[in-house]
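Notes to accompany the following structure.
Where a number appears in this text, it was derived from the coordinates with a stated rule and is not lab data. Keep in mind it's a predicted model, so treat the numbers as computed, not measured. Glycine gets a Cβ as well: all are built from the backbone with ideal geometry, and neighbour counts include every protein chain shown.
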Amino acid sequence: MAETCRSLYWLISEDKIGRDIMWLDDDHDLTIKFKWGLKNAFELLLLERVNITKENYGCMKLEEQSRYYGETIINKNQIFFKIKSSIETYIPEESISLAQKMAEELMINHQSRRDVETLHLKMNAIVSNVHYYLNV
């Protein structure tokens, strides 16, 4: 046994042990705009009156990370979301469904984010051509 251990030590002592690691900056943009002509159609639910679009580069990074054969690490263990919204007012009861739809679009529960510790949310709400920023 001792001879085997010495032989193994001799074989691997000069070898460098490497790892394949992908560092991922996890940041995403989401835009919420009213569909054409439906801004004041209050008889419809808010989710039926808006288009929620996301930038593809964030999704492409997550897809690339999912296919990567090595280890992936989210840079600084934090996620950045920037949400641009033109919604001025809505019924408070609709806020939960809107938040759920945004979480779905941003893939908050993606398996690569299970160890993330910090979520940065920047919301830019456009009201009467004035920009308000909310940092959480």
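In region 26-40, what count of residues is obtained for those that are over 11 Å from the mean Cα position of the chain (by Cα) and assigned to a strand (DSSP E or B)?
The number of residues fulfilling the criteria is 4.
Please determine whether any residue of region 67-86 is farther than 25 Å from Lys122 by Cβ and either hydrophobic (A, V, I, L, M, F, W, C) or without any contact (Cβ under 8 Å) to a residue 40 or more places away in the chain (or both).
The answer is yes, given that some residue of region 67-86 is farther than 25 Å from Lys122 by Cβ and either hydrophobic (A, V, I, L, M, F, W, C) or without any contact (Cβ under 8 Å) to a residue 40 or more places away in the chain (or both).
Name every residue in region 71-94 that is assigned to a helix (DSSP H, G or I) and more than 13 Å from Val50 (Cα to Cα), in order of residue number.
Pro92, Glu93
Only one residue in Glu64, Glu43, Glu48 is in a loop (DSSP other than H, G, I, E, B) and either of a type in the set (D, E, K, R) or surrounded by 14 or more Cβ atoms within 10 Å (Cβ to Cβ) (or both), so which one is that?
None of the others qualify; the one that does is Glu43.
Looking only at region 51-61, count how many residues are outside any helix (DSSP H, G or I) and either surrounded by fewer than 17 Cβ atoms within 10 Å (Cβ to Cβ) or in contact with a Cys (Cβ under 6 Å, 6 or more places away or on another chain) (or both).
Final tally of qualifying residues: 3.
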